[in-house]
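The next block holds one structure in the form of structure tokens; read it before the comments.
Any read-out appearing in this document is the output of simple, stated calculations on the displayed coordinates, not a laboratory observation. Fair warning: this is a prediction, and the values are worked out from it, not measured in the lab. Counting neighbours? That spans all protein chains shown, and the Cβs are built from the backbone with ideal geometry, glycine included.
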Amino acid sequence: MAIKIIEDKEQRDIIRKAIADNDGYCPCKIFKNEDTKCMCKQFRDQVALGTLGPCDCGLYENEESKVMKIYLAGSIFYYGDILRNQDWAKKVRDAFPGVDLYSPVENTDINGAEGKKKFAGSKEIADGDNARLDQTDVLIACIDGDVIPAGTSAEIGVMREKIRRGDKKFIVGICTDNRQMYLTHSEAKDAGGASALGEQQYSYQNLYVTGLIKQSGVLVSNIDDAIAAIRKWLEDSR
């Protein structure tokens with residue numbers, strides 16, 4: 001089963017406007033709370049139970065279809081990485097009920113306490129990741145860090161090549177670094193940063209990697225914007 005957005009563009013725009021005018025809550029519901037935030041809990045429960053049919057507003061429909069597969073990429077080796085992956089995985093699953101989400105930290109066979117003791121050769125790891133990417137519709141790639149994680153960069157490159165050759169796939173890069181120049185630019189910081197070696201005031205992400213992301217999707221600063229971008233991609237792809 002998969003969630004389908006209504007195909008009638010005129011009707012879709014009318015419903016979306018009604019939702020926007022209602023502060024993001026379902027216009028067909030009386031109360032405004034977490035349960036009535038679009039996509040509402042009633043429809044999410046409908047999807048979870050496997051019940052086919054549209055939501056009350058008519059914007060979404062649960063139908064028999066190909067299940068969307070999402071790969072959550074990024075560093076997974078530190079405590080903060082694990083917390084981030086757990087949080088993002090939950091938000092993605094809440095946003096897209098029924099999604100087939102692969103989060104490497106959940107693969108305890110290779111990333112659990114005992115799994116870490118096993119030997120996996122480089123070719124086996126490459127084969128496993130490539131097989132997973134072959135089936136992936138959306139790659140969510142966290143590029144945080146003083147250097148973008150090497151494995152994540154490789155996964156972005158593989159997905160970009162698949163998209164370039166015509167595969168219907170999508171990349172969403174997420175950079176949460178709050179040292180971005182567009183956020184903290186000032187004349188004082190620019191002057192100080194240019195004054196001497198080692199005084200750089202802004203974070204840097206490899207432009208080839210960020211360019212590949214932008215050619216094949218979008219680069220955002222948080223998981224909520226990533227989810228919104230995936231929804232738009234799904235809508236535009238229909």
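Within the chain, antiparallel bridges make up roughly 30 percent of the DSSP beta bridges whose residues both belong there.
Couplings for the range 150-166, taken from phi via the Karplus curve 6.51 cos²θ - 1.76 cosθ + 1.60 with θ = phi - 60°, read 4, x, 5, 4, 5, 5, 4, x, 4, 5, 4, 5, 5, 5, 4, 8, x Hz in order; Gly and Pro are left as x. Overall, the range 79-238 carries a charge dipole of about 360 debye about its Cα centre when +1 sits on the Cβ of Lys and Arg and -1 on the Cβ of Asp and Glu, all other atoms neutral. Under a GNM of the chain (C-alpha, springs under 10 Å), which listed residue has the highest mean-square fluctuation: LYS214, LYS123, LYS91? Evaluated over the chain, the most mobile residue of the options is LYS123. Partners of LYS9 within straight-line reach, counting aspartates and glutamates whose Cα lies under 20 Å from its Cα and excluding those fewer than 8 residues away in the same chain: ASP21, ASP56, GLU61, GLU63, GLU235, ASP236. Distance from the Cα centroid of the range 29-60 to that of the range 122-195 is 33 Å (rounded to whole angstrom). I'd like the FRET efficiency for GLN215 and ASP8, computed as 1/(1 + (r/R0)^6) with the beta carbon distance as r and R0 of 35 Å, rounded to 0.05. Taking R0 as 35 Å, the efficiency between GLN215 and ASP8 is 0.65. Close amide H partners of ALA141, meaning residues 5 or more places away or on another chain with modelled amide H under 5 Å apart, are ALA73, VAL172, GLY173, ILE174.
Legend: translational diffusion of the chain by Stokes-Einstein, Rh = Kirkwood radius over C-alpha pairs, 4 °C, 1.567 mPa s; D = 65 µm²/s. As an equivalent ellipsoid, the range 1-65 spans semi-axes of 19, 16, 7 angstrom, where each value is the square root of five times an eigenvalue of the C-alpha gyration tensor, largest first.
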